Structures are given as structure tokens and as C-alpha cells.
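The structure appears right after this line, and notes come after that.
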Amino acid sequence: MEVHADVDGSGVPLAVLLKRELCNQKVERPDILFGEARKSKKGEDFALLMANCHRSTGEGGSSGSGGGSGVDNAGDDDTISVFAIFDGHNGSAAAIYTRENLINNVLAAIPPNLTNEEWTAALPRALVAGFVKTDKDFQAKAARSGTTVTFVIIDGWVVTVASVGDSRCILESAEGTVYFLSADHRLDANEEEVERVTASGGEVGRINIAGGAGIGPLRCWPGGLCLSRSIGDIDVGEFIVPVPHVKQVKLSNAGGRLVIASDGVWDALRFQEALNYTRGLPAEAAANRIVKEAVTSKGLRDDTTCIVVDILPPEKLSPPLKRPGKGGIKALFRRRPSDEMTEDQMDRGCLEPDVVEEIYEEGSAMLARRLNINYPAGNMFKLHDCAVCQLEMKPGEGISVHGNMPKHSRVDPWGGPFLCSSCQLKKEAMEGKLHSGDS
């Protein structure tokens with residue numbers, strides 16, 4: 001069964017990428033080297049380091065929240081590597097809760113007994129479900145704090161990043177090109193998010209002192225949060241949503257380097273500047289150098305955390321050398337159109353990729369769009385389980401995510417995915433329907 005993870009047809013079919021790997025005898029999984037460093041100002045930054053995490057829930061491998069480094073070969077096909085930064089605000093409760101629960105919520109949303117190909121295709125929807133469930137469960141505790149999340153899952157040569165907030169993840173390929181794998185959800189940086197927040201009932205503006213011109217960054221009111229997406233923040237409003245931007249890419253077998261960092265780093269250093277500081281350094285030393293340079297540049301104004309992950313061919317235990325200035329920063333990925341391949345190459349999937357290839361990308365905040373996956377990928381999920389919390393429901397109990405679609409829509413409002421009543425209320429609140437009284 002060939003599964004296409006990109007519903008609009010613009011990405012590279014996942015089956016083709018995996019067939020290329022087999023055809024070129026790239027069956028070995030990469031070595032994962034990693035290091036973390038931080039300087040604490042408020043004590044609200046937390047990290048997750050799991051070099052070997054089993055795909056089923058409750059079977060984590062090595063993990064930690066403090067500084068450190070590691071090297072592991074992800075040789076077991078049943079394991080993945082997970083790295084994440086949680087940058088809390090208004091307290092640390094949301095960051096701690098998300099660090100402890102998000103990975104299990106994501107893995108629980110993936111159906112059992114899938115092939116590797118199907119598992120990778122199911123991951124983007126599971127990430128959305130896991131983020132929303134974590135937010136919903138934390139808000140039930142009525143704790144008034146929030147957190148950004150940049151969540152990275154490495155499965156062989158495939159890297160999937162889900163993000164809310166302004167912590168960022170960048171990839172430098174072995175060829176020296178830099179790619180953005182996360183989104184910036186600061187209101188100042190995202191006009192579409194400003195429009196979404198205001199349409200959902202929020203107010204966006206700068207701090208106004210004594211009737212003068214607004215000062216500082218754009219903020220969402222009530223609450224004054226500078227972000228449009230986070231986990232937690234019950235006191236700000238449901239229009240600050242936990243639905244993550246998700247990007248999934250496949251590296252060539254030359255590998256690459258990931259830099260995952262909180263805004264304490266990116267407010268002080270440009271992306272290329274941060275990478276230049278790490279030239280020739282192993283992962284742990286690179287993370288320490290980035291944090292040191294960020295604090296030297298701007299002072300310790302905020303918690304400053306960085307994780308560096310090297311994805312390398314087996315037994316190549318040092319970062320690849322790159323020529324200074326080679327490549328450049330790419331906001332979009334180069335794609336290899338199918339019309340550049342012969343029919344024989346397409347059938348065999350044997351064309352060797354020479355650049356990072358995009359499998360999937362979606363950033364919509366609308367659950368109906370994010371949970372609806374076209375056949376055959378969508379057919380992997382249980383039809384009558386809640387698509388967010390995985391509650392098992394009887395036929396007819398669930399509420400279609402498309403139930404409020406206009407009648408002229410092409411989507412069948414009686415078809416799945418389905419939500420339980422509690423998750424349906426969460427969906428309506430995020431879309432501003434409870435605020436407007438239109439439920």
C-alpha cells in the first residue's frame with residue numbers, strides 16, 4: 001500500500017523516499033549525537049532528551065532535563081529519538097506537565113500494528129492530537145501558566161518537527177544549506193495569526209500608556225501574551241491555540257545538524273551566526289558555545305536553552321565539514337518533481353536524493369483540516385475513536401469534525417474523523433464559537 005503523506009500532492013511520496021533508501025542499500029539507521037546547554041534566569045525552560053524511545057507508549061529510553069550529551073545508534077527499528085524544548089511563562093507548571101505527558105499523548109494517538117511507512121505517515125495527525133489533548137488536560141487543572149513547545153522526532157533519516165510559540169528548530173544539511181523546520185508564532189511575526197486571533201474573539205494590540213502610541217510587541221488581550229499559539233494559558237483565552245505547525249523532511253544519508261533553541265538564543269543570535277559559532281565542534285560543545293555567545297551578546301535576560309543534534313552516517317562520530325558561506329538559508333524546500341524521473345526510476349524509487357526533501361508541511365490552526373487525512377492514510381485510524389483523546393465511542397456517539405461546515409462544502413458532514421463531546425467543546429472554543437455564542 002503506497003501512502004502519500006502530503007494531501008495536496010506537492011511533496012515527495014513517502015513510499016518513493018523509503019523505496020529509494022532500500023534500493024540504494026541505505027538500510028542502516030544514523031548515529032544520533034546530541035548535547036544540551038542552558039543558562040537559567042527564571043527557571044522556566046525545560047528540555048527532553050530521548051535518544052532511544054520505543055514507538056509504543058510508556059517505554060521511554062534515555063532521557064533527561066539537565067545539561068548533558070549522548071551518542072546512540074538508533075539501530076532498533078522500533079525506536080525513535082525525541083528532543084524538545086519547553087519554554088514556560090507565568091510559571092513552570094505548563095512546561096513541566098507538557099514535558100512529562102506530551103510524548104505519551106502523541107504515541108497513544110498512533111494506531112498499533114503499522115508498518116514503518118504507515119507510522120511515519122500517521123505521525124503528523126498524531127502530533128496535532130497529542131498537543132491538543134495535552135493542552136486540554138493541563139487546562140483542566142486550572143493552572144495559570146503556559147509554554148512554547150518545539151518537539152522533534154527522528155525516525156531513521158526522517159525528521160518531524162511540531163512547534164507552537166517562538167522556540168525554533170533549524171537544520172543544516174551536510175551540503176551546508178540551512179532550513180527552517182519550525183514556525184514563529186509571535187504576533188509581531190505572523191499577520192495571518194493576528195487575523196485568526198481577532199476573528200476568534202481576541203484583541204491584538206501594543207501596550208498603550210496614557211493614550212499615547214502603543215509600545216512594545218503586539219500582544220493578545222486579555223493576558224498580554226505575545227504569542228498566538230502555546231500549551232496552557234487558560235487565563236488568556238482559547239483563541240491562543242495548541243495546534244502545532246508540523247514539518248516532516250527526509251535527509252540524505254550524508255546527514256545534518258539540528259539546532260533547537262528557546263527565544264533566549266534567537267533574540268540574541270541570527271540563525272547563520274549561531275551555526276557559524278559551532279563549526280567543527282561536537283554536539284555538546286556546540287550547544288555550550290551557542291548559549292555562551294547568546295548570553296555574551298545580550299546578557300542573561302531570559303532563560304537560554306539550546307539542544308544540538310547531529311544525524312550522521314553510522315560510525316562517523318564527528319560533524320561533517322562545511323565550507324563557510326556555502327549554501328544559504330532556505331525557507332522553502334527544493335522538491336524533485338516526478339517529471340524529472342524516468343518511469344523505471346519512479347517504479348524502483350532508486351533516484352538518489354542529493355538535498356533535503358520535504359514530505360509534509362501544514363500550519364493551519366483548524367482542527368477539521370488537521371485531523372482529516374485523505375484515504376488511504378486516514379484509513380489507518382479507528383473511525384469511532386475520538387481523534388483527539390482516543391476515547392472509544394459507539395457508532396453515532398461521536399461528533400464529526402466537519403459538523404459545522406457549510407452545506408455547500410464538498411466535505412461530507414456525516415463522515416469522520418469524530419470527536420467526543422468534551423473535545424468538540426474544545427474545538428468550538430478554539431474557533432471562537434463559544435465566545436460568540438454560536439455553538
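Scanning the range 208-253 for residues that are polar (S, T, N, Q) and open to solvent by 20 Å² or more (accessible area, probe 1.4 Å) returns Asn208, Asn253.
Applying the criterion of at least 2 residues that are open to solvent by 80 Å² or more (accessible area, probe 1.4 Å), in contact with a helix residue (DSSP H, G or I) (Cβ under 8 Å, 6 or more places away or on another chain) and at pLDDT 60 or above to the helices (runs of 4 or more DSSP H) found wholly in the range 277-374 leaves an empty list. For Ser163, the conditions (1) in contact with an Asp or Glu (Cβ under 6 Å, 6 or more places away or on another chain); (2) of a type in the set (Gly, Ala, Ser); (3) under 30 Å from Asp78 (Cα atoms) all hold with the exception of (1). When restricted to residues that are touching a Phe, Trp or Tyr at 6+ places or on another chain (Cβ under 6 Å) and under 15 Å from Asp184 (Cβ atoms), the range 234-248 contains 1.
Of the residues making up the range 85-111, those that are under 17 Å from the mean Cα position of the chain (by Cα) and more than 22 Å from Val388 (Cβ to Cβ) number 3. Restricting attention to the range 112-132, does a residue exist that is assigned to a loop (DSSP other than H, G, I, E, B) and among the small types (Gly, Ala, Ser)? No: zero hits. Within the range 397-411, does at least one residue satisfy the condition of being modelled with pLDDT under 80, within 26 Å of Trp119 (Cα to Cα) and either of a type outside the set (S, T, N, Q) or open to solvent by less than 50 Å² (accessible area, probe 1.4 Å) (or both)? Yes: one or more hits. Scanning the range 386-396 for residues that are at pLDDT below 90 and buried (at least 20 other Cβ atoms within 10 Å of the Cβ) turns up nothing.
Taking the range 159-186, which residues are open to solvent by 10 Å² or more (accessible area, probe 1.4 Å) and part of a strand (DSSP E or B)? Scanning the range 159-186 gives Arg168, Phe180, Arg186. In the range 15-70, the residue that is modelled with the lowest pLDDT out of those that are of a type in the set (Asp, Glu) and in a loop (DSSP other than H, G, I, E, B) is Glu59. Of the listed requirements (1) outside any loop (DSSP other than H, G, I, E, B); (2) open to solvent by 10 Å² or more (accessible area, probe 1.4 Å), Lys141 misses just one: (1). Output the residues belonging to the range 197-207 that are surrounded by fewer than 20 Cβ atoms within 10 Å (Cβ to Cβ) and either of a type in the set (A, V, I, L, M, F, W, C) or in a strand (DSSP E or B) (or both). Scanning the range 197-207 gives Ala199, Glu203, Val204, Gly205, Arg206, Ile207. The listed residues are Asp87, Asp76, Asp6, and the only one of them that is modelled with pLDDT of 70 or more and either farther than 30 Å from Val295 by Cβ or buried (at least 18 other Cβ atoms within 10 Å of the Cβ) (or both) turns out to be Asp87. Scan the range 254-276 for residues that are under 17 Å from the mean Cα position of the chain (by Cα), open to solvent by less than 10 Å² (accessible area, probe 1.4 Å) and within 20 Å of Glu44 (Cα to Cα) and jot them down. Scanning the range 254-276 gives Val259, Ile260, Ala261, Ser262. Considering each residue of the range 187-196 in turn, none proves to be under 30 Å from Lys382 (Cα atoms), surrounded by fewer than 21 Cβ atoms within 10 Å (Cβ to Cβ), acidic (Asp, Glu) and touching a residue at least 12 places away in the same chain (Cβ under 8 Å). Residue-level check: of (1) touching a Phe, Trp or Tyr at 6+ places or on another chain (Cβ under 8 Å); (2) within 30 Å of Val152 (Cβ to Cβ), Glu203 misses just (2). Residue count for the range 160-177 under the criterion of being within 24 Å of Arg29 (Cβ to Cβ) and over 10 Å from the mean Cα position of the chain (by Cα): the result is 8.
Taking the range 90-106 as the range and being open to solvent by 10 Å² or more (accessible area, probe 1.4 Å) and not in a loop (DSSP other than H, G, I, E, B) as the test, the residues that pass are Ala93, Ile96, Tyr97, Arg99, Glu100, Asn101, Ile103, Asn104, Asn105.
The values are calculated or read from the model by the stated rules, or taken from the named source; none is laboratory data. Predicted, not measured: the structure shown is a model, and the values here were computed from it. Please note: Cβ atoms are built from the backbone with ideal geometry, for glycine as well, and neighbour counts cover all protein chains shown. Note: accessible area is taken over every heavy atom of the protein model, side chains too, but ligands, DNA and RNA are not part of it. Shrake-Rupley method; radii C 1.70, N 1.55, O 1.52, S 1.80 Å.
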